Each structure stands twice: as C-alpha cells, then as structure tokens.
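For reference, the structure is listed below as structure tokens.
The values are calculated or read from the model by the stated rules, or taken from the named source; none is laboratory data. This is a predicted model, so every value here is computed, not measured. Cβ: placed from backbone, ideal geometry, glycine included. Neighbour counts: every protein chain shown. Only protein heavy atoms, including side chains, enter the accessible area calculation; ligands, DNA and RNA are left aside. Shrake-Rupley method; radii C 1.70, N 1.55, O 1.52, S 1.80 Å.
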Amino acid sequence: MDIQSFIQSGILEAYVAGHCTDAERAEVERLANLHPEVRAELNKIELALEQFAQAQGINPRPGIKDEILDKLEAISGTSQKQAPPPASAGGTTMLRLFQLLSLGAILACGYFLWSGQKNADELDKLRKENQTIAQKLTDCDTRQQNMQQMATLLRDTDTKAVTVTDGKNNHITVFHNPLRKECALDIAGVPARQDGKYLQAWAIVDGNPVDLGMVQMNAPAGWQPLRYFDRATAYAISEEDNPKGNAKPTVVIAMGNI
Amino acid sequence: MENQQLIFRLKNQDQTVVAELYDAYGSALFGVIFRIVHSKELAEQALQDTFLKVWRNGSNYDASKGRLFTWLLNIARNTALDLTRSAHFQQNRKNDSTDQLIHRPETDGFNPDHLGVKEVVDRLDEKYRSLIHLVYFKGYTQEEVAEETGIPLGTVKTRLRYAISELRTLFGESVAMLLSILFLAQG
C-alpha cells in the first residue's frame, strides 16, 4: 500500500473525528502501528485540533470547578463502597481471571462455613491470598500499560533521545517528545546509588532547575514518566541526601542538552 | 500538560487528576460545548457531566489510539449532543439556522490566556474554521456537511484536509515567530 496516498486520502482526518467505520478504524490503527509516518500524521492532526480548541476556548464560571470536585467527592465516596474501580481496557483478561479466582475463593469460603469446620484461619488465609493475587494483577496491568505507552512514545519519529551523562561512563537516556508533550527516563542507564544517597531528576527551564521528582529505580517496566516542560532545554540528575529530594540540586552528577 | 503520569492517574481514578485536567482543558471543552448547546446554563451542566464521565471512564482511555485531548473532546461533544436531544433542550431551543450557529459572533468570554493563539486562528479563512467546527466539535460527518452545505463530498474532504494542514502551518509559524523573538531577546 502507498502510505502517502493513504495519509492524503482524508481517512486520518475522519478517524480523528470518530467518523470511520469499524473496518476503516481497524485499518488506520493497524497502519499506524506499522508505519511511524501514519502515527506522526495522526498526532499532528490531533495536536492542531487541540491547539485550535484551546484558542477558541471560553472560560466557564469560576465556581464550576469546585462544583465538579464536590460532586466527584460525593460520588466516589459511595461508588468506592459499592464497587471496586473498573479495570482498564487492556486488563480485561486479567479482570476475568481475577473474577474467577475471587469466585473460587468465595465458594471455598462457603464450603468451610457450611461444613462447620474450623475455618477462621483458612478464611483469613484465602482473603490474604486473594488480596495478594489482586495486587499482583494490578501491578501486571500497570506494567503492561507502561510498556504500551512507552512503545508508543518510542515509535514516534518526533521522539528524541537525550543523553544525560557525567562525561565519563554513565549515560542515562531521557526520551523527549515536544509534539506529544511527553518525556520518560530509561531507568536501565541510571547508575546504582550509594547508601544514604538518592537521585533526583531535573529539567532545566529558562536556565533554572525544575524538580521532576526522585528517580524511581523500581519504576514499572524500567521506564519512569517525567513531567514535561515545553521550555526545557536540558535534563539533569543530582545526588541528594534527602530521600524526598531538595528544592535545588545538591550535586549534579549528569546532564544533557535537549 | 499531557504526560504519562497524568494518564496513569486518570486510568487509576485518582480524584486529584480531575482538577488538573479541568485547569488544562476546561476552557477548551467549555468552548466546544457552548457552541453546541448555546446556553450557559446547559453548557455548565454538560461540562460538569463531562468531567464526571472522564473520571468514571478514565480506565478506558487508550493512549495508543490518540491524544488525551481528543478523547476528552469526544466525551464533551457527545455529552453536549446528548443534551441537545433532551426534552428540556428541545423546549428551550432557539430557532438558529445552521449558518447562524456556525457564524455566531464570539466576543464574550474568550479565554484571555489564549489571545495570542486566537489571533493565529483568526488568520484561518472562515470557511475552513467553520468546517473544523462542524466536523470536529459538532460531530457532523463529512457526508452530513456536504448535504447541509450543498458542497460536493470530495470538496468537503479536500477542504477539511487543507484546513487542518493550514492550521498546522499557522501554529507552526506562530511557534517559529515566538522562538525568533526569544532568540533576538537573548541575543
């Protein structure tokens, strides 16, 4: 297939507007996954619309935000009691597995109660196992989402790899995408820290260091999303004594210009 | 504003994310909604419903299929369109023609934060601006636009593509100009 003709056919504009048939949508998504230029074109269309909508924005009445947050608090207070938060679309299989495991655990609990056997310890054990499985599934789901999102970022031709280095052996990569307004740190390149020392990430914005948070060595799938700044000109890593980090970098150990 | 942490928090129904999304996109979404329902009262109702839906359905957002704003825009537009189908809206509906709806002067309440980019958008020909509004913000299909305006479908498709391309050029020029000014100021 001629990808340029596909891009110029107008189907991508219709896809972003949500006006494609199921077959067209599947085709756009398939080609976007195969061809970075299709993905980049989609992203540019969406970005142009986003900027257009922002430019045409109208400020709502000031009190609306608080009204929304109040409603949200009221709803979440009850909904959390009634039902657990829904699983992500990507975790449907895991949710089913979790539901089956939960059902199994409940049936087992019922059997123990009915048979009148000593079951308090068993129940407690099953509950704990259930919680452990649920936690593992949640972790898996988060890891999977993280990997999918990173794959999307890395596939994007507008993503730039910024090498943050100490000028010697340590080369840490930060992936920076000005169109997606996203950046992420590759934990794999981060050197092991010394005992009692902690690593903090920074963006250099308008010549000043801006805190991006502590480097999380155990970030899911080895990627740590960082806060994106349009005007960032460099990234840096500093070594700190405070596990929560500091307002200004104490010792900058690596830096790299975007 | 769009970043992975924000998306993670949205997908995990973190309540604090709604305030951040509102700050980032509230006025843009309100602009879209208002142009569909043409009533401040109804637009406020739709905006509230939109953010509640966003929070409830955050786990459904799939970053691999599009930008966060596009997803938010779809929810806002559908919420506003649903509202226009309600009995209450039908009773209060003014007899605006499509033309009036598209070309209504928009002077009040423009977000002052975006005055610079508004000027950029003003440079886009009105017929292209209207087309973007119809297709992306009001949910008209390209076929419906052709039917409504009497313009052939092929022309609608070409114009829409040109409109987006022009928008990209205009925003690109705006960014380039800003960078030049910054460069000159630093030099």
Between residues in the stretch A:1-23 that are farther than 16 Å from B:G154 by Cα and residues that are charged (D, E, K, R) and buried (at least 19 other Cβ atoms within 10 Å of the Cβ), which pairs lie under 7 Å by C-beta distance while being six or more apart or on different chains?
-> A:V16/A:E46
If only one of A:Q224, A:Q200, A:Q216 is within 14 Å of chain B (Cβ to nearest Cβ) and assigned to a strand (DSSP E or B), which one is it?
-> A:Q224
Quick one: would you say A:T152 is in a helix (DSSP H, G or I), touching a Ser or Thr at 6+ places or on another chain (Cβ under 6 Å) and either away from chain B (no Cβ under 14 Å) or of a type in the set (S, T, Y) (or both)?
-> yes
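Go through the residues of the stretch A:2-12 one by one and say whether even a single one is farther than 29 Å from B:S130 by Cβ and not charged (D, E, K, R). Before you say what the answer is, go through the steps one by one.
First, the residues of the stretch A:2-12 that are farther than 29 Å from B:S130 by Cβ: A:2-3.
Still in the running and not charged (D, E, K, R): A:3.
Looking for residues that are farther than 29 Å from B:S130 by Cβ and not charged (D, E, K, R), one finds at least one in the stretch A:2-12, hence yes.
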Report, ordered by the first and then the second residue, all pairs with beta carbons closer than 6 Å, sequence separation of six or more or different chains, a first member in the stretch B:137-159 that is more than 10 Å from chain A (Cβ to nearest Cβ), and a second member that is open to solvent by 50 Å² or more (accessible area, probe 1.4 Å) and not acidic (D, E).
-> B:A146/B:L153
Restricting attention to the stretch A:175-193, does a residue exist that is open to solvent by less than 40 Å² (accessible area, probe 1.4 Å), at pLDDT 90 or above, more than 20 Å from the chain's Cα centre (by Cα) and not assigned by TED's automatic domain parsing to the domain that holds A:R39?
-> no
Residue in the stretch B:14-25 that is farthest from A:Q56 (Cα to Cα), counting only those that are at the interface with chain A (Cβ under 9 Å from one of its Cβ atoms) and in contact (Cβ under 8 Å) with a residue 24 or more places away in the chain = B:Q15
Verdict on B:Y128 being within 30 Å of A:D156 (Cβ to Cβ), of a type in the set (F, W, Y), modelled with pLDDT of 70 or more and not assigned by TED's automatic domain parsing to the domain that holds B:I36 | yes
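Every residue, every condition in (1) assigned by TED's automatic domain parsing to the domain that holds B:Y136; (2) in contact (Cβ under 8 Å) with a residue 24 or more places away in the chain; (3) open to solvent by 20 Å² or more (accessible area, probe 1.4 Å), yes or no:
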{"position": "B:Q5", "(1), (2), (3)": "no, no, yes"}
{"position": "B:L10", "(1), (2), (3)": "no, yes, no"}
{"position": "B:S59", "(1), (2), (3)": "no, yes, no"}
{"position": "B:L83", "(1), (2), (3)": "no, yes, yes"}
Looking only at the stretch A:123-179, count how many residues are without any contact (Cβ under 8 Å) to a residue 12 or more places away in the chain and charged (D, E, K, R).
-> 5
